[in-house]
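As structure tokens, the structure follows; a few thoughts come after it.
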Amino acid sequence: MDKLDKYVPIPLYFQLKEIILKKIRDGTYQVEDAIPTEKELSEMYNISRTTVRQAITELVQEGWLYRVKSKGTFVRTPKIAQSFIQALGSFNDQIRALGMNPSTEVLDFKVMDAPEPVAEQLKLQQEDKVIYIHRRRFADNEPIVMVKTFLPYEKCSFVLDHDLVKGSLYPVLGTKSETSISKIRRFIEAVEADDYDVENLNVAPGSAIQKFLSIGYNVNDEPIEYSVARYRGDKNRFEIVITAK
């Protein structure tokens, strides 16, 4: 059994939290397993139940555990930790970095008239065309996010020659300097799952969805990409790092 060290300047609750987390990661505690009770952990590690409760609460808040009233605390399927809010990178790279297998289903891929909101964001004229890409993206064969992407056809027509099932969009755009994405503005909104999400993401009506609106710019600050993504709230969490100026 891992032991707590009461003589180091690391809070006991944090040491216990790391021990439990290690057991989840190495498979000692499997998904849906009940972990020992507060009383049992208190006796096992000779610490107060308040200390145990603090460790458990943080693991619940971070999505590793969940509580069921009168039954106990159980291991939750871990959420996918996404860092793309603060860094440019493809979905495939993010998922592979987490040790999971990414895959993509392209539901639609065509040239169409630019809808008014899209034309506004991409600074297009009413008669301009856009490339529309509708994708469902998976991690280990489980649907994670639905993405609708719009690209200005005049600049990005070459994208139509690429297979977006096997490859990612950003590396394709990066093959030309005028379409390479150098900056992205993202707007995040918490919404409830609608019929579209229920059908495509295997979620219950009204469950949590993280909605992202993204506008990608090239080095000349010209908009190249406009995307609307809807992430499953039960499968994703997003990391933001803030630094002092």
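All of the numbers you see were taken from the coordinates with simple rules; none came from a lab. Owing to the predicted nature of the structure, the values given are computational and were not obtained by experimental measurement. Positions of Cβ are backbone-derived with ideal geometry, glycine not excepted, and every protein chain shown enters the neighbour counts.
Annotations for the structure displayed:
- Volume of the convex hull of segment 181-237 (Cα atoms only), normalised per residue: 79 Å³.
- Rounded to the nearest 20 debye, dipole of segment 12-75 from Cβ charges on Lys, Arg, Asp, Glu: 180 debye
- For the pair E127 and M100, label points projected 7 Å from Cα toward Cβ lie 4.6 nm apart.
- In order along segment 136-143, the Karplus-derived 3J(HN,Hα) couplings, from 6.51 cos²θ - 1.76 cosθ + 1.60 at θ = phi - 60°, round to 10, 10, 10, 10, 6, 6, 10, x Hz, and Gly and Pro are given as x.
- Counting neighbouring beta carbons within 10 Å and listing from fewest to most, the residues I20, I10, I95 come out as I10, I95, I20.
- The GluC sites (Glu not before Pro) of segment 84-185 that meet both conditions, a loop assignment by DSSP and at most 16 other Cβ atoms within 10 Å of the site Cβ, are E127, E178.
- Amide H contacts for D33 (H built 1.01 Å from N in the peptide plane; partners 5 or more residues away or on another chain; cut-off under 5 Å): V75.
- Using only side-chain charges placed at the Cβ, +1 for Lys and Arg and -1 for Asp and Glu, the dipole size of the chain relative to its Cα centre rounds to 980 debye.
- Taking a straight Cα-Cα cut-off under 18 Å and skipping sequence neighbours fewer than 8 places away in the same chain, the lysines within cross-link reach of K17 are K3, K6, K39, K79.
- Its Cα centre serving as origin, segment 194-245 has a Cβ charge dipole (Lys and Arg +1, Asp and Glu -1) of approximately 300 debye.
- Cα pair count fraction exceeding 27 Å, expressed as % - the chain: 48 percent
- Listed by chain and number, the aspartates and glutamates placed with their C-alpha closer than 14 angstrom to that of K69 are E38; residues fewer than eight positions away on the same chain are left out.
- Here's how it looks for F238: its modeled amide H is under 5 Å from those of Q82, which are all 5 or more places away or on a different chain.
- Lysine pairs meeting the criterion (Cα under 15 Å, 8 or more apart or interchain), as found in segment 80-238: 8
- The ranking of Y196, Y226, Y7, Y13 from fewest to most other beta carbons within 10 Å of each one's beta carbon is Y7, Y196, Y13, Y226.
- Take the Cα of D194, step 7 Å toward its Cβ, do the same at M112, and the gap between the two points is 1.4 nm.
- Centre separation in Å (Cα based) which lies between segment 24-43 and segment 170-245: 35 Å
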